[in-house]
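Working notes, structure below.
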Amino acid sequence: MESVREKLQIFVRRFGLLSASCCDECCGEQVSMVQSHILFEIRRVGNPSMQRVAEELGIDVTTFSRQVKSLESKALVVRRVSPEDRRVSLLGLTDAGERVLAQIDRYMADKVEQIFSCMTPFERETVIRSLGLLNDAVSRAGCRCEPQEEKIACCK
């Protein structure tokens, strides 16, 4: 019998492989899976600081900075100095970044729909509800079961 860890490990690997092939197949951009996550997080939060996105994704600042420079060179991301604190860099998506992310969104929505097409409506709803519960529990467990706003899986 598979353990919970095994089930999670297999799911993450299979879904990760699906995501890894996305940019080659959907938008033609050479955007890595990490860069795709960065673009997604910038849009989700709306002009976040570099530090916030790096922490949210669990990437050290040096590695994160290299990824952002790569996205800037592709004209997908812009970096601005915060008006409140000149030491803080804020990130935003360019129009091209928005278009690439929209293409990735459509590709991933199609893939998720393919997966869900193998399920009944009740099973779909159960999975969606369960993913929400799992995300909430992961967030609380990382913070000694205290609800956290705006944190996905950690509370740095």
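In table form, for the structure just shown:
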item: Fewest-first ranking of Ile42, Ile128, using other Cβ atoms within 10 Å as the exposure measure; result: Ile128, Ile42
item: Taking N as its residue count, the alpha carbon Rg of the stretch 20-117 over 2.2 N^0.38 Å; result: 1.11
item: Proxy reagent accessibility, fewest Cβ within 10 Å first, across Ser139, Ser70; result: Ser70, Ser139
item: Vicinal HN-Hα couplings computed from phi for the stretch 96-113 (Karplus, 6.51 cos²θ - 1.76 cosθ + 1.60; Hz; Gly/Pro x); result: 5, x, 4, 5, 4, 5, 5, 5, 5, 4, 4, 4, 5, 4, 5, 5, 5, 5
item: Förster-model FRET efficiency, 22 Å R0, Asp105 and Val34, C-beta, rounded to 0.05; result: 0.80
item: Spin-label model distance (nm) - Asp60 vs Arg79, 7 Å beyond Cα toward Cβ; result: 1.8
item: In Hz, Karplus ³J(HN,Hα) per residue of the stretch 68-82 (6.51, -1.76, 1.60; θ = phi - 60°; x = Gly, Pro); result: 5, 4, 5, 5, 5, 5, 8, 6, 9, 9, 10, 10, 10, 7, 5
item: Of the trypsin sites (Lys or Arg not before Pro) in the stretch 58-136, those whose Cβ has at most 14 other Cβ within 10 Å and which sit in DSSP loop; result: Arg86, Arg87
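Laboratory data are not the source of any read-out in this text; all were calculated from the coordinates shown. Please read these numbers as outputs of a predicted model, since none were measured by experiment. Cβ sites come from the backbone with ideal geometry, for glycine too, and all protein chains shown count toward neighbours.
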